[in-house]
Amino acid sequence: MILPVVKYGHPVLRQKGARVETITPEIKNLIADMFETMHAANGVGLAAQQVGHALQLTVLDVREASKERPSTLEIDGNPEDAGAFMPLVLINPELKPGADFAAGPEGCLSFPEIYADISRPANVDVVALNPKGERIQFRCGGLLARAIQHETDHLNGILFIDRMDRKTKEEFQLELEALQADTKAALKKPKTK
């Protein structure tokens, strides 16, 4: 089922997600719905907060975008095909960023039509659980590293606008204010059945 993606101004986007202690049938259904939602919106990642759930859960799939923006993946120091690990679910992810930073373009489904270059570590070590509750561990670079860092920020209530330099954020100030106002106005409307 395609879920509504919450937009900037919704309070859930600023909530730190709760750890997922048990992978219940509800969590598995949420994962399936998040993939369907992400693919329908042509996204490469989607955090639970973006569909209204403050949980440490994100889904990713960089296969389509990696044609223009490649990804790297290593397991135990051995290079692997990042595409072979897609789609990817990360539950309770923990990241250890590399030292080298790179700027690259980012957008966000919760910020329609807003794109900016964001500086992030070029590589990141990831430890998380998969949907079977198994521990997974890998190092990644390129688009996959950028997407994982972007989505993990969401899990901690951090938005990509928080990573923009001041000049870039000022350039988007009017759009951000309008998006936030629209979202807050929509939240105040009574729900119809």
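Quick notes
- Reported count of residues in the range 16-50, each being closer than 27 Å to Leu176 by Cβ and under 14 Å from the mean Cα position of the chain (by Cα), is 16.
- A single member of Ala185, Ala102, Ala145, Ala128 is under 26 Å from Glu64 (Cβ atoms), assigned to a helix (DSSP H, G or I) and among the aliphatic types (A, V, I, L, M), and it is Ala145.
- When Leu174 is tested against the conditions (1) touching a Gly at 6+ places or on another chain (Cβ under 8 Å); (2) of a type in the set (A, V, I, L, M); (3) without any contact (Cβ under 8 Å) to a residue 60 or more places away in the chain, the lone failure is (1).
- Condition check for Glu68: within 17 Å of Ala145 (Cβ to Cβ), in contact (Cβ under 8 Å) with a residue 40 or more places away in the chain and surrounded by fewer than 19 Cβ atoms within 10 Å (Cβ to Cβ): no
- None of Val51, Val59 is closer than 21 Å to Glu94 by Cβ, modelled with pLDDT of 95 or more, surrounded by 18 or more Cβ atoms within 10 Å (Cβ to Cβ) and not charged (D, E, K, R) except Val59.
- Against the criterion of being of a type in the set (Asp, Glu), at pLDDT 95 or above, surrounded by fewer than 22 Cβ atoms within 10 Å (Cβ to Cβ) and closer than 22 Å to Glu21 by Cα, Glu151 does not qualify.
- Residue count for the range 157-170, restricted to those that are assigned to a helix (DSSP H, G or I) and surrounded by 13 or more Cβ atoms within 10 Å (Cβ to Cβ): 5.
- The residue list Glu113, Glu94 contains one member that is in contact (Cβ under 8 Å) with a residue 60 or more places away in the chain and acidic (Asp, Glu), which is Glu113.
- Which listed residue, of Ala122, Ala82, is of a type in the set (Gly, Ala, Ser), touching a Cys at 6+ places or on another chain (Cβ under 8 Å) and surrounded by 14 or more Cβ atoms within 10 Å (Cβ to Cβ): Ala82
- Filtered residue count, the range 6-21, keeping only those that are under 16 Å from Gln56 (Cα atoms) and in contact (Cβ under 8 Å) with a residue 40 or more places away in the chain: 8
The values are calculated or read from the model by the stated rules, or taken from the named source; none is laboratory data. It should be emphasised that the depicted structure is a prediction, and the values quoted were computed from it without experimental measurement. Note that each Cβ is placed from the backbone with ideal geometry, even for glycine, and that neighbours are counted across all protein chains shown.
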